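Read through the structure below, which is laid out as structure tokens, and then see the notes.
The values are calculated or read from the model by the stated rules, or taken from the named source; none is laboratory data. Model, not experiment: these values are computed from the prediction. Virtual Cβ from ideal backbone geometry, glycine too; neighbours counted across all protein chains shown. The area values use the complete protein model at the heavy-atom level, side chains included, leaving out ligands, DNA and RNA. Shrake-Rupley method; radii C 1.70, N 1.55, O 1.52, S 1.80 Å.
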Amino acid sequence: MASGFRLIFATSLLLALLDLCRGSTIGICYGRNADDLPTPDKAAQLVQLHNIKYVRIYDSNIQVLKAFGNTGVELMIGVPNSDLLAISQYQSNADTWLKNSILPYYPATKITYITVGAEVTESSSNFSAQVVPAMRNVLTALKKVGLSKKIKVSTTHSLGVLSRSFPPSAGAFNSSHASFLKPLLEFLAENQSPFMVDIYPYYAYRDSPSNVTLDYALFESSSDVIDPNTGLLYTNMLDAQIDAIYYALMALNFKTIKIMVTETGWPSKGSPKETAATPDNAQTYNTNLIRHVINDTGTPAKPGERLDIYIFSLFNENRKPGLDSERNWGLFYPDQTSVYNLDFTGKGSADVITQANVTSSNVTTWCIASSKASELDLQNALDWACGPGNVDCTAIQPSQPCFEPDNTVAHASFAFNNYYQQNGATDVACSFGGTGIKVDKNPSYDNCIYMTAGSNKTVASNTTAISSTSSFATMNRVPTWMFSCLLGTFMLVLSKS
């Protein structure tokens, strides 16, 4: 009996250790409010190409769920506000929704979160009263099929759920939402689900430029903002807004609920009066955001606290109403070329590719596929290069000079090099999600001639920056003493079982 208990305890400890080792993560929102987007299969391919491991969608679209099957990408799916009434009224409706929307695709499609409703306090319809009953019914449906521990249930909020956000220590929820928030927060605490919130420093700057500096909104501030109540120093607006929610939660005695930022970002284009909506500012915000998150610094009130943040959005969406900025939050155009270059690893520079980025040495280099890359990663990168990458892949077709040897490494090498040479022979043009490597030995053979910059025939009109070695989500650098202590305890307990 004691042996069995020790084994259970050891297993629980190991799971806690693994969770600790998983650090802050960056994901992306895949909105589809447009009439010119690529198919879900191509979108999933683009996501994999950039090693993005976490994606949020806003419904449970069958084609999207199928597209992400067997990719390893973790999906956050949504129950739209329009479905809240039916799911909140009857448990059978939630059971049927789960049976039709999740069970046919899980676990091949790795669904980890369900958002029940979105920003309901911002809606003119009275959805708030339906959210918690719908969440409970969805959770009960998950329990019936044994998935309640693997798939978390929550709902998303706008920052408007707060009545006060500055200074952060005075953060408070809007009292008009009290009847909605109390049972919601109790549900989150009981089920260890995160408080999900969409945060946009862009709007804070746009709507109040006299009170918020652009540098502070972009993580570029050279001076600190001090919280007069705590003395904590804030170097960027996102941290301040997140901490305002933490303090609002603590004021209601909910001290264990984690915060997840389910949307944030910066538009690359706006209406004439939206002067801050530029590609440079969007690039700066998202680059600094990624670096800030993967460094696992947390926030001033919660140093070292894990943060999961989703960038909005994968594509520009031309059917969204409102100002021009609403249709220009995407990292990619619908043709899958990049709106601006973004280093998804957070380790390099995010400069727009210009002649200054081209290798300064006179030594000729080529780009080939890494023999260490997986077949799946190489195929995804090859498909992208021959498609959205605008590479002419005729030479690797049957009976053409570069078809033999007929394998993915050889074909990918030819395609990678063409893209590399056509786009300035830069390091970023040879990364291909970590599957490309630069060499100084000409890989040409027989009649298969590998292009060099001098023999460049065509240049792609848009260049897509592809991450080099790390995934879009980065593992946490756990302090060595903590890791060793927990691992040692686990081994000790296991040895006595």
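With VAL212, VAL197, VAL153 as the choices, which residue is outside any helix (DSSP H, G or I), aliphatic (A, V, I, L, M) and either open to solvent by 30 Å² or more (accessible area, probe 1.4 Å) or more than 30 Å from LEU103 (Cβ to Cβ) (or both)?
Numbers: VAL197 fails: either open to solvent by 30 Å² or more (accessible area, probe 1.4 Å) or more than 30 Å from LEU103 (Cβ to Cβ) (or both); VAL153 fails: either open to solvent by 30 Å² or more (accessible area, probe 1.4 Å) or more than 30 Å from LEU103 (Cβ to Cβ) (or both).
Of VAL212, VAL197, VAL153, the one residue that is outside any helix (DSSP H, G or I), aliphatic (A, V, I, L, M) and either open to solvent by 30 Å² or more (accessible area, probe 1.4 Å) or more than 30 Å from LEU103 (Cβ to Cβ) (or both) is VAL212.
Residue check: is ASN253 of a type outside the set (D, E, K, R) and farther than 24 Å from GLU220 by Cβ?
yes
Condition check: farther than 22 Å from ALA453 by Cβ and open to solvent by 40 Å² or more (accessible area, probe 1.4 Å). Does ASN390 satisfy that?
When the stated conditions are applied, ASN390 does not pass them.
If you scan region 110-132, which residues turn out to be closer than 21 Å to LYS150 by Cα and surrounded by fewer than 18 Cβ atoms within 10 Å (Cβ to Cβ)?
THR112 - this is the single residue of region 110-132 that is closer than 21 Å to LYS150 by Cα and surrounded by fewer than 18 Cβ atoms within 10 Å (Cβ to Cβ).
Looking at (1) modelled with pLDDT of 95 or more; (2) open to solvent by 10 Å² or more (accessible area, probe 1.4 Å); (3) not basic (Lys, Arg), which is the only condition GLU305 fails?
Tallying (1) modelled with pLDDT of 95 or more; (2) open to solvent by 10 Å² or more (accessible area, probe 1.4 Å); (3) not basic (Lys, Arg), GLU305 fails exactly one: (1).
Would region 99-109 turn up any residue that is aromatic (Phe, Trp, Tyr) and either modelled with pLDDT of 95 or more or open to solvent by 50 Å² or more (accessible area, probe 1.4 Å) (or both)? Write out each step before concluding.
Residues of region 99-109 aromatic (Phe, Trp, Tyr): 105-106.
Imposing the further condition that a residue be either modelled with pLDDT of 95 or more or open to solvent by 50 Å² or more (accessible area, probe 1.4 Å) (or both) reduces the set to 105-106.
Yes.
Is there a residue in region 243-263 that is of a type in the set (Ser, Thr, Tyr) and closer than 23 Å to ASN51 by Cα?
Among the residues of region 243-263, at least one is of a type in the set (Ser, Thr, Tyr) and closer than 23 Å to ASN51 by Cα, which makes the answer yes.
Kindly provide the set of residues from region 61-72 that are outside any helix (DSSP H, G or I) and free of Cβ contacts under 8 Å to residues at least 40 places away in the same chain, ordered by number.
ASN61, ASN70, THR71, GLY72
Among residues belonging to region 226-250 that are part of a helix (DSSP H, G or I) and free of Cβ contacts under 8 Å to residues at least 40 places away in the same chain, point out the one that is least open to solvent (accessible area, probe 1.4 Å).
The residue in question is MET237.
For region 258-267, which residues satisfy the criterion of being assigned to a loop (DSSP other than H, G, I, E, B) and open to solvent by less than 10 Å² (accessible area, probe 1.4 Å)? Talk me through it step by step, then tell me what you get.
Here is the first cut: in region 258-267, the ones assigned to a loop (DSSP other than H, G, I, E, B) are 258, 265-267.
Matches in region 258-267: GLY265, TRP266, PRO267.
Given LEU162, LEU184, which one is touching a residue at least 60 places away in the same chain (Cβ under 8 Å) and either out of contact with any Leu (no Cβ under 9 Å at 6 or more places or on another chain) or not assigned by the TED database to the domain that holds GLY265 (or both)?
Answer to the check: LEU162.
Among the numbered criteria (1) within 18 Å of SER313 (Cβ to Cβ); (2) surrounded by fewer than 22 Cβ atoms within 10 Å (Cβ to Cβ), which single criterion is violated by ALA282?
If we test ALA282 against (1) within 18 Å of SER313 (Cβ to Cβ); (2) surrounded by fewer than 22 Cβ atoms within 10 Å (Cβ to Cβ), just (2) comes out false.
With respect to ILE52, determine if the residue is surrounded by 19 or more Cβ atoms within 10 Å (Cβ to Cβ), in contact (Cβ under 8 Å) with a residue 12 or more places away in the chain and outside any loop (DSSP other than H, G, I, E, B).
Criteria not met by ILE52.
Test THR452 against the criterion of being modelled with pLDDT of 55 or more and more than 30 Å from GLU74 (Cβ to Cβ), and give yes or no. Write out each step before concluding.
On the way: modelled with pLDDT of 55 or more: yes; more than 30 Å from GLU74 (Cβ to Cβ): yes.
Considered against the rule, which asks whether it is modelled with pLDDT of 55 or more and more than 30 Å from GLU74 (Cβ to Cβ), THR452 comes out as yes.
Looking at region 159-194 only, could you name the residues that are surrounded by 18 or more Cβ atoms within 10 Å (Cβ to Cβ) and part of a strand (DSSP E or B)?
LEU162, PHE173 - these are the residues of region 159-194 that are surrounded by 18 or more Cβ atoms within 10 Å (Cβ to Cβ) and part of a strand (DSSP E or B).
Within region 200-209, work out how many residues are in a loop (DSSP other than H, G, I, E, B), modelled with pLDDT of 95 or more and either within 16 Å of ASP280 (Cα to Cα) or polar (S, T, N, Q) (or both).
Number of matching residues: 0.
Which of the helices (runs of 4 or more DSSP H) found entirely inside region 84-147 contain at least 1 residues meeting this: closer than 23 Å to ALA178 by Cα, in contact (Cβ under 8 Å) with a residue 40 or more places away in the chain and β-branched (Val, Ile, Thr)?
84-89, 128-144
Which of the residues spanning region 367-388 are under 22 Å from TYR333 (Cα atoms), in contact with a Ser or Thr (Cβ under 7 Å, 6 or more places away or on another chain) and not in a helix (DSSP H, G or I)?
PRO388, the sole residue that qualifies.
Restricting to region 309-331, name every residue that is under 19 Å from the mean Cα position of the chain (by Cα) and either part of a loop (DSSP other than H, G, I, E, B) or modelled with pLDDT under 95 (or both).
Listed by number, the residues that qualify are SER313, LEU314, ASN316, GLU317, ASN328, TRP329, GLY330, LEU331.
Is it fair to say LEU75 is open to solvent by 10 Å² or more (accessible area, probe 1.4 Å) and outside any helix (DSSP H, G or I)?
Details: open to solvent by 10 Å² or more (accessible area, probe 1.4 Å): no; outside any helix (DSSP H, G or I): yes.
It is false that LEU75 is open to solvent by 10 Å² or more (accessible area, probe 1.4 Å) and outside any helix (DSSP H, G or I).
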